[in-house]
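Everything below concerns the one structure shown next.
Bear in mind these aren't lab numbers, they're just calculated from the coordinates by the rules spelled out. Values in this document were obtained by computation on a predicted structure and should not be read as measured data. We place every Cβ from the backbone using ideal geometry, glycine too, and count neighbours over all the protein chains shown.
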């Protein structure tokens, strides 16, 4: 389980996690602030989120997740997925953390 601000996300896979996270960000008005950071690099070769599913090196996202015109690269393990989302959302003062499953 992952908490973003006060919202809990229960997702079995990285694509589901990113889809739920983007839906929550959009539905709660946070994407307006995230939009100023898009595209967001996780390295010189890869984006976490972009408006087209293509990395800065020209390669297509391997496992794109799409929600309302935003694409996230979900080709990573769950630990890295949370780390990268935490890094992105820290820029808009939203806290991301693992929480214990009940």
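Annotations
- Qualifying residue in the range 45-53 (condition: under 17 Å from residue 2 (Cβ atoms) and touching a helix residue (DSSP H, G or I) at 6+ places or on another chain (Cβ under 9 Å)): yes
- One residue alone among 14, 26 is over 17 Å from residue 76 (Cβ atoms) and surrounded by 15 or more Cβ atoms within 10 Å (Cβ to Cβ), and that residue is 26.
- Test: residue 3 is surrounded by fewer than 16 Cβ atoms within 10 Å (Cβ to Cβ), in contact with a strand residue (DSSP E or B) (Cβ under 6 Å, 6 or more places away or on another chain) and within 16 Å of residue 89 (Cβ to Cβ): yes
- Considering 89, 94, 48, 37, the condition of being touching a residue at least 24 places away in the same chain (Cβ under 8 Å), on the phi < 0 side of the Ramachandran plot, more than 11 Å from the chain's Cα centre (by Cα) and buried (at least 16 other Cβ atoms within 10 Å of the Cβ) is satisfied by 94 alone.
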